[in-house]
């Protein structure tokens, strides 16, 4: 993978090699759209002592680009995790499933933001050439 550095931190939940592989594959996916990514830092966390059922999974992605940093913070909508937990038959918290959803949604946002960055860079280059 051309991305130089991928750092993954997991807080307040069990580390899962499968989740780490999913994150790394998503970073590679982003790299296919924007090969200029110099580094990526991902923090996957469950808030400590969260009082609602379903303990939502938070995800932060920091993408380092030449001259710019793209940051995506994913926090589920209020009540979404509690509602999902209330529909589970056994009442267990399937945080890994919630983590996959958070990863998918956050990396989709990151992809859109990288597209915005690429458009801005093309516009700047076009303006410089037009002068």
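Values quoted throughout were computed directly from the atomic coordinates according to the rules given, and no laboratory measurement underlies them. Quick caveat, the model's predicted, so the values are computed rather than measured. All Cβ positions, even for glycine, are placed from backbone atoms using ideal geometry, and neighbour counts span all protein chains on display.
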#### Entry: Added length on full extension, which subtracts the Cα-Cα distance from 0.36 nm per residue, residue 75 to residue 11
21.6 nm
### Query
Based on the Cβ-Cβ distance from residue 18 to residue 65, what FRET efficiency comes out when R0 is 25 Å, to the nearest 0.05?
0.35
### Task
With label points built 7 Å along Cα→Cβ from the Cα atoms of residue 119 and residue 28, find their separation and express it in nm.
2.9 nm
### Separation of the residue 126 and residue 112 label points, Cα + 7 Å toward Cβ, nm
2.2 nm
